1. Go over the candidates 45, 24 one by one and state the one that is of a type in the set (Asp, Glu) and within 21 Å of residue 97 (Cα to Cα).
2. Might you check whether a residue that is part of a loop (DSSP other than H, G, I, E, B), hydroxyl-bearing (Ser, Thr, Tyr) and surrounded by 11 or more Cβ atoms within 10 Å (Cβ to Cβ) occurs anywhere in the stretch 49-58?
3. Just the residues that are modelled with pLDDT of 65 or more, in a loop (DSSP other than H, G, I, E, B), open to solvent by 100 Å² or more (accessible area, probe 1.4 Å) and over 15 Å from residue 40 (Cα atoms), please, taken from the stretch 59-99.
4. Can you pull out every residue in the stretch 24-68 that is without any contact (Cβ under 8 Å) to a residue 12 or more places away in the chain and within 14 Å of residue 94 (Cβ to Cβ)?
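The values are calculated or read from the model by the stated rules, or taken from the named source; none is laboratory data. Keep in mind that this is a model prediction, so the values were computed, not measured. Cβ placement follows ideal geometry from the backbone for every residue including glycine, while neighbour counts extend to all protein chains displayed. These accessible areas exclude ligands, DNA and RNA; they are computed on the full protein's heavy atoms, side chains included. Shrake-Rupley method; radii C 1.70, N 1.55, O 1.52, S 1.80 Å.
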Amino acid sequence: MSGQWRKAWMMIGVVLILLLIVNEFTSNPYEKYRAKVKLETYLNEQYPESSFRVTAGDFKRKNETYTFTIVNKNREEQVAEMAIQNGHQYEVIEDQLKK
């Protein structure tokens, strides 16, 4: 293996390690998208008579959850936050709309 190939593989390894570290602290856009889709599905199943817009998703590293802001399209003043557990099987763990 030539020296250039070795350097290229080392650079790929360093970049991969850095991406894994960043992913640990901030999650990644694909996981956030999957959580948003799961939340939209949950809202459609639980509240079929209402129409919602899901916005402003944040990742909470301490709890491994995503928090999204939900705005009711019919009544703009109704704003709630919902938390969804990160992982392969996303699960809504906090629903402020049920209050």
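1. 45
2. Within the stretch 49-58 (the criterion being part of a loop (DSSP other than H, G, I, E, B), hydroxyl-bearing (Ser, Thr, Tyr) and surrounded by 11 or more Cβ atoms within 10 Å (Cβ to Cβ)), the answer is yes, since at least one residue qualifies.
3. Scanning the stretch 59-99 gives 61, 62, 74, 75.
4. 58
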